[in-house]
Amino acid sequence: MALVLHAGKPNKNAFKTLIAAEYSGIDVKLADNFEMGVSNKTPEFLKMNPIGKAEESVIAALKRALAALNTHLACNTYLVGHSVTLADIVMTINLFLGFAHLMTKSFTSEFPHVERYFWTMVNQPNFRKILGEVKQTESVLPIPSKKPSQPKEAKPKAKDEPKKEAKKEVEKEPAKPRAEDAGEEEAPKPKPKNPLDLLPPSKMILDDWKRLYSNTKTNFREVAIKGFWDMYDPEGYSLWFCDYKYNEENTVSFVTLNKVSGFLQRMDLARKFAFGKMLVIGSGPPFKVKGLWLFRGQEIPQFVLDECYDMELYEWKKVDTSDEAQKERVNQMIEDYEPFEGEPLLDAKCFK
């Protein structure tokens with residue numbers, strides 16, 4: 001028999017309870033048609049909970065609190081121990097409302113370890129089941145003004161003579177018809193083009209490479225790898241190695257894999273201009289995360305650096321394709337070669 005939780009659906013305390021129940025294997029359902037301020041005032045509800053509501057604490061100095069949390073998470077994957085605990089559920093849901101409604105990317109970028117922790121947690125299966133897809137707010141909600149509106153002063157009635165004068169003026173100069181009166185609509189402004197669309201045409205067609213990669217099932221070296229170098233245009237594209245800066249934190253395999261999956265999801269904005277391989281390396285913790293990326297142009301696109309916060313969590317190095325050792329490393333990363341640099345692969349993920 002399921003336990004019943006009396007709370008509204010968009011309620012952070014309800015989220016905490018439901019996620020904790022998922023981790024504990026306890027069946028908890030929300031009460032039907034619960035309405036805060038109504039349902040919790042009924043005699044039946046007050047018998048269960050005489051107070052009628054739960055008290056919530058407020059963070060007085062948000063930046064100072066986030067800075068302290070950021071320092072702790074710089075060398076810890078979780079708040080306590082090496083797996084998700086109730087402390088992580090409570091902390092993540094408290095952060096959830098801030099990320100969803102108040103804290104923009106420009107604000108949270110000051111706390112990279114908090115960002116990494118939050119996106120890792122909300123992408124856990126038990127969190128996603130309750131929260132769904134989480135998106136960070138792009139703007140801060142406006143604070144309504146408490147200043148009472150001033151009553152409008154009554155305008156004195158105009159005398160008959162000025163009215164007549166005004167009427168004559170109107171008769172002399174008829175008003176020009178407005179565009180909306182004529183049924184015309186203002187044309188929408190054209191969307192600015194991505195700077196990468198303005199680059200000179202390249203002989204490399206990215207979709208052709210992605211198709212070749214996906215369709216090659218055998219003789220990968222002879223077909224896909226050879227085909228890649230035949231297509232590759234060093235003037236129109238560039239190759240980049242990336243290495244995760246905080247591999248010592250990768251102590252739990254599924255958390256590390258979710259971290260990489262979250263990165264690839266947030267890179268979706270670059271799908272038209274990029275191809276990537278991400279390798280999770282090692283037979284045991286700490287796991288290493290390394291990647292190879294193909295980008296349109298000679299530099300990592302600026303809009304990717306601006307919009308995808310994961311980029312700053314990696315060290316980036318441009319591939320020198322005249323160096324045979326680097327070129328062979330590219331080959332091995334594309335084909336998921338194992339052992340890679342002497343270690344087994346835990347997993348390999350492709351962005352295409």
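The values are calculated or read from the model by the stated rules, or taken from the named source; none is laboratory data. Remember, it's a predicted structure, so these values are computed and weren't measured experimentally. Virtual Cβ from ideal backbone geometry, glycine too; neighbours counted across all protein chains shown. Accessible surface is based on the protein model in full, side chains and every heavy atom, while ligands, DNA and RNA are left aside. Shrake-Rupley method; radii C 1.70, N 1.55, O 1.52, S 1.80 Å.
Less than 5 angstrom separates the built amide H of PHE351 from those of GLY276, LYS277, MET278, all sequence-distant by 5 or more or on a different chain.
Toward the positive end of the charge dipole of the range 206-258, about the Cα centre and with charges on Cβ (Lys, Arg +1; Asp, Glu -1), which of SER214, GLY236, SER253 goes farthest? Highest projection toward the positive end goes to SER214.
Can you classify the range 198-351 as rounded, prolate or oblate using the Cα gyration tensor, where a ≥ b ≥ c are the square roots of its eigenvalues, rounded means a/c under 1.5, and otherwise it's prolate if a/b beats b/c and oblate if not? Oblate, since a/c reaches 1.5 and b/c is not below a/b.
Of the heavy-atom accessible surface of the range 55-131 (probe 1.4 angstrom), what whole percent is carbon and sulfur?
Values: 2320 of 3780 Å².
Taking all protein chains in place, the range 55-131 shows 61 percent carbon and sulfur surface.
How much length is gained on full extension from TRP229 to ILE205, taking 0.36 nm per residue of separation minus their Cα-Cα distance? Please report the intermediate quantities before stating the final value.
Numbers: separation 24, 0.36 × 24 = 8.64 nm, distance 1.24 nm.
Extra length available between TRP229 and ILE205 comes to 7.4 nm.
Rolling a 1.4 angstrom probe over the range 198-351 with all protein chains present gives an accessible area of which 50% lies on carbon and sulfur atoms.
For LYS29 and ALA325, the FRET efficiency from 1/(1 + (r/R0)^6), where r spans their Cβ atoms and R0 equals 35 Å, is about 0.05. Heavy atoms of the protein chains alone define the surface here; on that basis the range 55-131 has 49 Å² accessible area per residue at 1.4 Å probe size.
Starting from the Cα gyration tensor of the range 55-131, multiply each eigenvalue by 5, take the square root, and state the resulting semi-axes largest first in whole Å. Before the final figure, lay out the partial values.
Details: eigenvalues 65, 46, 35 Å².
Values for the range 55-131, descending: 18, 15, 13 Å.
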